[in-house]
Amino acid sequence: MALKLTVNGEVRCLDPEPMPPTLEAVITALGHNPQLVVAEHNGVIAPCGGWASTTVGEGDSLEIVTIVGGGS
């Protein structure tokens, strides 16, 4: 069963496993390395320690920011 979410302002359909999916599973299904992102779930910053137990449902909103190193 596909799950419709808004990710960074764009509507996306995913089929993550297991169902209902955890925030960690959704971040991985979107192709992100969970160790290199910060996530906001339904308007609240989600502490990474709770991603494995936070479920994501139909119509939820995620903002995912990737950490990028660099500089001089």
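The values are calculated or read from the model by the stated rules, or taken from the named source; none is laboratory data. Predicted model, so just to flag it, every value in this text is computed and none were measured. In case anyone asks, the SASA skips ligands and DNA or RNA and just uses the protein heavy atoms, side chains included. Shrake-Rupley method; radii C 1.70, N 1.55, O 1.52, S 1.80 Å.
Structure summary
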quantity: Residue-span extension gain [T28 to D15] - 0.36 nm each, minus C-alpha spacing; calculated: 3.5 nm
quantity: At 0.890 mPa s and 25 °C, Stokes D of the chain from Kirkwood alpha-carbon radius, µm² per second; calculated: 198
quantity: Whole-number accessible area per residue in Å² for segment 1-61, which is evaluated in the context of all protein chains at 1.4 Å; calculated: 58
quantity: Sulfur and carbon atoms: percent of accessible area, the chain [1.4 Å]; calculated: 55
